[in-house]
Amino acid sequence: MPAETGAARLSSAQLEKLRGASIKTAANTITTLADAYAWLAQEGYSTTGINGLLSPANSTAQKAQDWLGLSSTLNLLLEGDYDEVGTLYCAVQTDDPGWDFLYISFNYVKTGGWYYITDPNDHLPSTGYACCRARTIRASSLAVVKDALVSGDGGKVRLLMMAALPLTTTPIRLRYEAEPESVLFVTPTNAQVLYQANAEALAEYQREQAEKARAEAERWERQAPSLRISSYGMPDAIGNTTLSYEQAKALVGQEPEKIAESVKTVGDVLQYMIAARFGYNAPGVFTPWYDDWGYDAPGDDQLRQNYGCCCGGYANTVSYLLEGDYDKVGTLRWVGGGNHTISWVMTGGKYYVFDFTQYCSGGHYNNFHAPVTVLDRLEDYYDKMPSIYSKKDVVIMVAFEAGKAMYPSQWNDPPQFSGLTFPKEADGSVIVIYQADPACGVRFRQASNKIPRWPLS
């Protein structure tokens, strides 16, 4: 490690005391890049799948990570210890027909006015990469790094895009365009693009896409008023509307509180979403992560951005809009079988369970057969789960009443699933509907203080 980034400060005995610690716990002690790499090596972290494209930026539960995962883990360990920490991402052209593009990913820290760029592959075991010599690039700015990266013993590589990603827990989502060949960031939105191949052709392409988007918006304005809520087959107990299309359209762009005051039924929610074309411009589908806690933003945040971050975002939007309009309003979620979150309301002694991710259909609202399950008891949902879902793969299913948002949670996807963890505040509020393994159930513990807007006021 360069001396400028700080010498190793932890002795072997001190590192040993951190064996088995969580990323959060280790970060409280680790303050230098050298110690971060030493701890990762001690804990058995390694690189794998170096051609993978969409690594979750907070995938700290698995120790065999790809380039992006390891860089993100380093960033979490070193947050606050340097002037800046982040990931330098390079998309590279490939002749391999199995991939649209490959990537190279580096970690950077800034101290004393200089950036120091290291490659996790140089310092940790790898399943697909052999390192003969560890190198560190020092640069006065990230913008001048491109030439140093593409001119080495192996000659020039064909860069498609280079970007700096500050510390983020947002999963990286990319879009590949074959003509002109380019790689674009969908998320995170704070990615600083330092180089873009075919920039002029790409700008022209984007202008063409903007014109197509304008024409599509005009087409939707003509079509949307003709969509009748009665065509979606909702039971009258929840599907009747108090809003016309014109009234719902007038709410678009209003503050979430104003929208919620006017929306009174599940049918009204659908009417509003059609008028707003809620969900059409979603940049990706994912749950944001904060210190190993997954948390979909409250419904008012989802309304302001006019799309649900994922199924949980849609459910939070429904809960926010309908809070106080039924005897009970809540969410139901399961892990396994694709993981999913849906909504329910109770009225007239019956539970109505429905799925606005289905109704929305990516902003096209062309699913007129989304199921609504009517129950006497919410606990019966697993037994009567509609066939559109992969019931056999579900490992746990829970439900709870929801206000503006459901609870943050922690879990590992099957087959590593060991339980579903909620904040202490949720204790006594979570209904376990189904649990495949008695040993892998619901737990409660103190949530991170880095989760935005949690606890809810």
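Of all residues in segment 337-384, those satisfying the criterion of being under 22 Å from Gly299 (Cα atoms) and aliphatic (A, V, I, L, M) are Ile342, Val345, Met346, Val353, Ala370, Val372.
For segment 413-427, residues that are out of contact with any strand residue (DSSP E or B) (no Cβ under 9 Å at 6 or more places or on another chain) and either touching a residue at least 40 places away in the same chain (Cβ under 8 Å) or farther than 19 Å from Gly294 by Cβ (or both) total 1.
Specify the residue that is surrounded by the fewest Cβ atoms within 10 Å (Cβ to Cβ); the eligible residues are those in segment 228-247 that are in contact with a Phe, Trp or Tyr (Cβ under 8 Å, 6 or more places away or on another chain) and part of a loop (DSSP other than H, G, I, E, B).
At the first step, the residues of segment 228-247 found to be in contact with a Phe, Trp or Tyr (Cβ under 8 Å, 6 or more places away or on another chain) are 231-235, 237-239, 243.
With the extra rule that they be part of a loop (DSSP other than H, G, I, E, B), the set shrinks to 233-235, 243.
Working: Gly233: 12, Met234: 21, Pro235: 15, Leu243: 22.
Ranking the qualifying residues of segment 228-247, first place goes to Gly233.
Looking only at residues in segment 1-23 that are under 16 Å from Tyr115 (Cα atoms) and among the hydrophobic types (A, V, I, L, M, F, W, C), the one that is modelled with the highest pLDDT is Ala3.
Within segment 405-415, is there a residue that is over 22 Å from the mean Cα position of the chain (by Cα) and surrounded by fewer than 19 Cβ atoms within 10 Å (Cβ to Cβ)?
No, segment 405-415 contains no residue that is over 22 Å from the mean Cα position of the chain (by Cα) and surrounded by fewer than 19 Cβ atoms within 10 Å (Cβ to Cβ).
What do you reckon, is Glu181 loosely packed, with under 13 Cβ neighbours inside 10 Å and not assigned by TED's automatic domain parsing to the domain that holds Phe286? Steps first, answer last, please.
Working: loosely packed, with under 13 Cβ neighbours inside 10 Å: no; not assigned by TED's automatic domain parsing to the domain that holds Phe286: yes.
It is false that Glu181 is loosely packed, with under 13 Cβ neighbours inside 10 Å and not assigned by TED's automatic domain parsing to the domain that holds Phe286.
Take the residues in segment 54-66 that are touching a helix residue (DSSP H, G or I) at 6+ places or on another chain (Cβ under 9 Å), assigned to a loop (DSSP other than H, G, I, E, B) and not basic (Lys, Arg); name whichever of them is modelled with the highest pLDDT. Looking at the filtered set, the residue picked out is Gln62. For segment 305-329, a residue qualifies if it is assigned to a loop (DSSP other than H, G, I, E, B) and of a type outside the set (Asp, Glu), and the qualifying residues are Asn306, Tyr307, Gly308, Cys309, Cys310, Gly324, Tyr326.
In the set Ala402, Ala426, Ala447, Ala436, which member is surrounded by 13 or more Cβ atoms within 10 Å (Cβ to Cβ) and touching a helix residue (DSSP H, G or I) at 6+ places or on another chain (Cβ under 6 Å)?
Numbers: Ala426 fails: touching a helix residue (DSSP H, G or I) at 6+ places or on another chain (Cβ under 6 Å); Ala447 fails: touching a helix residue (DSSP H, G or I) at 6+ places or on another chain (Cβ under 6 Å); Ala436 fails: touching a helix residue (DSSP H, G or I) at 6+ places or on another chain (Cβ under 6 Å).
Result: Ala402 is the single residue among Ala402, Ala426, Ala447, Ala436 that is surrounded by 13 or more Cβ atoms within 10 Å (Cβ to Cβ) and touching a helix residue (DSSP H, G or I) at 6+ places or on another chain (Cβ under 6 Å).
Selection of segment 276-295 for residues being of a type outside the set (Phe, Trp, Tyr) and modelled with pLDDT of 95 or more yields Ala276, Arg277, Gly279.
May I ask you to verify whether Gly49 is part of a loop (DSSP other than H, G, I, E, B) and modelled with pLDDT of 80 or more? Talk me through it step by step, then tell me what you get.
Values: part of a loop (DSSP other than H, G, I, E, B): yes; modelled with pLDDT of 80 or more: no.
When the stated conditions are applied, Gly49 does not pass them.
Gly80 - would you say it is in the same structural domain as Thr136 (by TED's automatic domain parsing), of a type in the set (Gly, Ala, Ser), assigned to a loop (DSSP other than H, G, I, E, B) and within 16 Å of Thr32 (Cβ to Cβ)? It is true that Gly80 is in the same structural domain as Thr136 (by TED's automatic domain parsing), of a type in the set (Gly, Ala, Ser), assigned to a loop (DSSP other than H, G, I, E, B) and within 16 Å of Thr32 (Cβ to Cβ).
The rows are residues; the columns are (1) among the charged types (D, E, K, R); (2) closer than 21 Å to Tyr359 by Cα; (3) in a helix (DSSP H, G or I); (4) in contact (Cβ under 8 Å) with a residue 40 or more places away in the chain.
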{"position": "Ala203", "(1), (2), (3), (4)": "no, no, yes, no"}
{"position": "Glu211", "(1), (2), (3), (4)": "yes, no, yes, no"}
{"position": "Ala215", "(1), (2), (3), (4)": "no, no, yes, no"}
{"position": "Trp220", "(1), (2), (3), (4)": "no, yes, yes, yes"}
{"position": "Lys249", "(1), (2), (3), (4)": "yes, yes, yes, no"}
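The number of residues in segment 384-399 being surrounded by fewer than 22 Cβ atoms within 10 Å (Cβ to Cβ) and in contact with a Pro (Cβ under 8 Å, 6 or more places away or on another chain) comes to 3.
When restricted to residues that are buried (at least 19 other Cβ atoms within 10 Å of the Cβ), within 18 Å of Lys404 (Cβ to Cβ) and in contact (Cβ under 8 Å) with a residue 60 or more places away in the chain, segment 327-342 contains 6. Number of residues in segment 19-40 that are free of Cβ contacts under 8 Å to residues at least 40 places away in the same chain and part of a loop (DSSP other than H, G, I, E, B): the value is 5. Taking Tyr365 as the residue in question, decide whether it is at positive phi and surrounded by 17 or more Cβ atoms within 10 Å (Cβ to Cβ). Yes; evaluated as a whole, the condition is true for this residue.
Out of everything in segment 416-429 that is over 16 Å from Asp393 (Cα atoms) and of a type outside the set (Ser, Thr, Tyr), what residue ends up being farthest from the chain's Cα centre (by Cα)? I'd like the intermediate steps shown before the answer.
Just the residues of segment 416-429 that are over 16 Å from Asp393 (Cα atoms), to begin with: 421-429.
Pick out the ones that are also of a type outside the set (Ser, Thr, Tyr) and you get 422-428.
Details: Phe422: 18, Pro423: 19, Lys424: 23, Glu425: 23, Ala426: 22, Asp427: 25, Gly428: 28 Å.
This residue is Gly428.
In segment 3-18, what residues are in contact with a Phe, Trp or Tyr (Cβ under 9 Å, 6 or more places away or on another chain) and either exposed (fewer than 14 other Cβ atoms within 10 Å of the Cβ) or outside any loop (DSSP other than H, G, I, E, B) (or both)? Those that are in contact with a Phe, Trp or Tyr (Cβ under 9 Å, 6 or more places away or on another chain) and either exposed (fewer than 14 other Cβ atoms within 10 Å of the Cβ) or outside any loop (DSSP other than H, G, I, E, B) (or both): Glu4, Thr5, Leu15.
Can you tell me which of Thr341, Thr287 is under 30 Å from Ser22 (Cβ atoms) and in a loop (DSSP other than H, G, I, E, B)?
Details: Thr341 fails: in a loop (DSSP other than H, G, I, E, B).
Within the list Thr341, Thr287, the selection yields Thr287.
Condition check: closer than 17 Å to Tyr365 by Cβ and in contact with a Gly (Cβ under 9 Å, 6 or more places away or on another chain). Does Arg222 satisfy that? Against the criterion (closer than 17 Å to Tyr365 by Cβ and in contact with a Gly (Cβ under 9 Å, 6 or more places away or on another chain)), Arg222 does not qualify.
The values are calculated or read from the model by the stated rules, or taken from the named source; none is laboratory data. Model, not experiment: these values are computed from the prediction. All Cβ positions, even for glycine, are placed from backbone atoms using ideal geometry, and neighbour counts span all protein chains on display.
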